[in-house]
Amino acid sequence: MTITRFPYEGLGRCEAVVSNGLVYAVATDPQNADGILAQTKNALDELRRILEKAGSGKPGLLQATVYLNNITQKSEMDAIWIDWIGPEKNWPQRACVGVDLDKGCLIEIVVTAKVLRSLGE
């Protein structure tokens, strides 16, 4: 079994791991922009970049857990998410959880996706 890890500049974690045809990834807003709308958009842009680097994309998403610093902002996050995720055929199973996040971070997205192409393509 091969495990491919994609380094992250933070300590103690990777931004993605690929194993057995699956991608496990996490994304936040690297800029810690002001407000949940901006942070959601930036985190989803970052997630797209990570998934593509790992050989997947939105059509490969299987599961997502969205961690929100303020769960009352879920409807605002949902508006950006629905626009980003696209057609219903791309919709993963998803849960949203309210948590305390660190250092101005308002959203963290953890996903599992199917590998759609080899890493060399």
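The values are calculated or read from the model by the stated rules, or taken from the named source; none is laboratory data. Here the structure is a predicted model, which means the values were calculated and not measured. Because the Cβ atoms are built from the backbone with ideal geometry, glycine has one as well, and the counts that use them run over all protein chains shown.
When Gly21 is evaluated against the numbered criteria (1) of a type outside the set (A, V, I, L, M, F, W, C); (2) touching a residue at least 60 places away in the same chain (Cβ under 8 Å); (3) touching a helix residue (DSSP H, G or I) at 6+ places or on another chain (Cβ under 8 Å), which criterion, by number, is the only one it fails?
(3)
Against the condition buried (at least 16 other Cβ atoms within 10 Å of the Cβ) and of a type outside the set (D, E, K, R), how does Asn69 come out, does it pass?
yes
Take the residues in segment 80-91 that are in contact (Cβ under 8 Å) with a residue 12 or more places away in the chain and within 16 Å of Ala43 (Cβ to Cβ); name whichever of them is surrounded by the most Cβ atoms within 10 Å (Cβ to Cβ).
The selected residue is Trp81.
Regarding Glu15, is this residue over 23 Å from Pro87 (Cβ atoms) and either in contact (Cβ under 8 Å) with a residue 12 or more places away in the chain or β-branched (Val, Ile, Thr) (or both)?
Values: over 23 Å from Pro87 (Cβ atoms): yes; either in contact (Cβ under 8 Å) with a residue 12 or more places away in the chain or β-branched (Val, Ile, Thr) (or both): yes.
Yes: the conditions hold for Glu15.
Quick check on this structure: which one of Asp34, Asp45 is assigned to a loop (DSSP other than H, G, I, E, B) and closer than 21 Å to Ile82 by Cα? Spell out how you get there, then give the answer.
Working: Asp45 fails: assigned to a loop (DSSP other than H, G, I, E, B).
One residue alone meets the criteria, Asp34.
Identify the single condition in (1) modelled with pLDDT under 95; (2) out of contact with any helix residue (DSSP H, G or I) (no Cβ under 7 Å at 6 or more places or on another chain); (3) surrounded by 14 or more Cβ atoms within 10 Å (Cβ to Cβ); (4) of a type outside the set (D, E, K, R) that Asn42 does not satisfy, given that it satisfies every other one.
Evaluating Asn42 over (1) modelled with pLDDT under 95; (2) out of contact with any helix residue (DSSP H, G or I) (no Cβ under 7 Å at 6 or more places or on another chain); (3) surrounded by 14 or more Cβ atoms within 10 Å (Cβ to Cβ); (4) of a type outside the set (D, E, K, R) leaves (1) as the failure.
Residue-wise test of (1) modelled with pLDDT under 95; (2) surrounded by fewer than 14 Cβ atoms within 10 Å (Cβ to Cβ); (3) among the acidic types (Asp, Glu); (4) touching a strand residue (DSSP E or B) at 6+ places or on another chain (Cβ under 7 Å).
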| position | (1), (2), (3), (4) |
| --- | --- |
| Cys14 | yes, no, no, yes |
| Leu22 | no, no, no, yes |
| Lys58 | no, no, no, no |
| Val97 | no, yes, no, yes |
| Glu121 | yes, yes, yes, no |
